[in-house]
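Student: The structure is given below, and queries will be raised subsequently.
The values are calculated or read from the model by the stated rules, or taken from the named source; none is laboratory data. On a predicted model such as this, the values are computed, not experimentally measured, just so you know. Positions of Cβ are generated from backbone atoms using ideal geometry, with glycine treated the same way; all protein chains shown enter the neighbour counts. Accessible surface areas use protein heavy atoms only, side chains included; no ligands, DNA or RNA. Shrake-Rupley method; radii C 1.70, N 1.55, O 1.52, S 1.80 Å.
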Amino acid sequence: MYCFSHEFDQVGELVSSVPENATPGFLVWRLSMKWRVAVDRALAPLGLTHAQYSLVASLYGMHRAGHRPSQRALADHTGLEPLYVSKLARALEAAGTVDRTRDPADPRAVRLSLTKDGREVTRRAIGVVHDLLDQLLEPLGGLDGERTKAFSRELATLLDVPLDPRSEKAQRKNEHPENEPSEKEQS
């Protein structure tokens with residue numbers, strides 16, 4: 001458990017609410033929760049939550065690239081669980097934002113697309129989130145700042161790490177033992 005100690009400068013302004021000795025995992029979690037709340041609040045007037053936004057904004061981008069993804073492909077793209085994507089898609093369909101249709105080539109798959117109203121709401125939501133992110137990233141120079149670009153690269157590096165890197169390393173070792181140093185080479 002972390003003890004929050006707020007520091008104030010000479011004029012009484014809050015300097016930091018970050019716990020002393022906070023781990024990177026804790027900081028990522030806190031930042032993601034803070035940003036989720038900020039996006040939820042910013043999108044509420046448009047009738048969207050942060051999770052719904054991640055779905056419709058991804059659909060919007062995929063559609064512009066010529067794709068009409070399945071729910072599963074959208075789950076893979078967003079990092080959301082397939083069951084959660086299904087639940088979100090049903091709610092968005094009920095709201096008239098998303099169309100869900102069975103894939104004629106695979107009756108188990110459901111394809112998703114934005115409705116006309118869904119495209120309009122998504123365009124507006126993308127603008128709102130863009131402005132919000134520029135504001136949230138201002139301490140790093142805004143969306144186009146060099147520190148923001150470096151921060152994004154670091155986050156991408158962490159996102160590329162497998163969920164269980166040790167087991168993947170062990171699996172590679174078992175698949176290609178000739179690439180591993182022998183016990184003599186290790187000593």
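Student: Put a dot 7 Å past each Cα toward the Cβ at LYS149 and SER113; how far apart are the dots in nm?
Tutor: 3.7 nm
Student: Same structure again: Tell me, what HN-Hα J-couplings in whole Hz come from the Karplus equation 6.51 cos²θ - 1.76 cosθ + 1.60 at θ = phi - 60° for each residue of the stretch 40-45, using x for Gly and Pro?
Tutor: Along the stretch 40-45, the couplings run 4, 5, 5, 8, 3, x Hz.
Student: What is the percent carbon and sulfur in the accessible area of the stretch 42-90, measuring with a 1.4 Å probe over the protein chains and ignoring ligands?
Tutor: 54 percent
Student: For a paramagnetic label modelled at 7 Å from the Cα of TRP35 toward its Cβ, which residues of the stretch 120-137 fall within the zone defined by backbone nitrogen distances under 16 Å?
Tutor: Within reach of a label on TRP35, which here means backbone N under 16 Å from a point 7 Å along Cα→Cβ, the stretch 120-137 contributes 126-137.
Student: Over the alpha-carbon set of the stretch 56-129, divide Rg by the Kirkwood Rh and report the Rg/Rh ratio to two decimals.
Tutor: We get a ratio of 0.95 for the stretch 56-129.
Student: Write down the accessible area per residue of the stretch 50-93 in Å², having rolled a 1.4 Å probe over the full set of protein chains.
Tutor: 54 Å²
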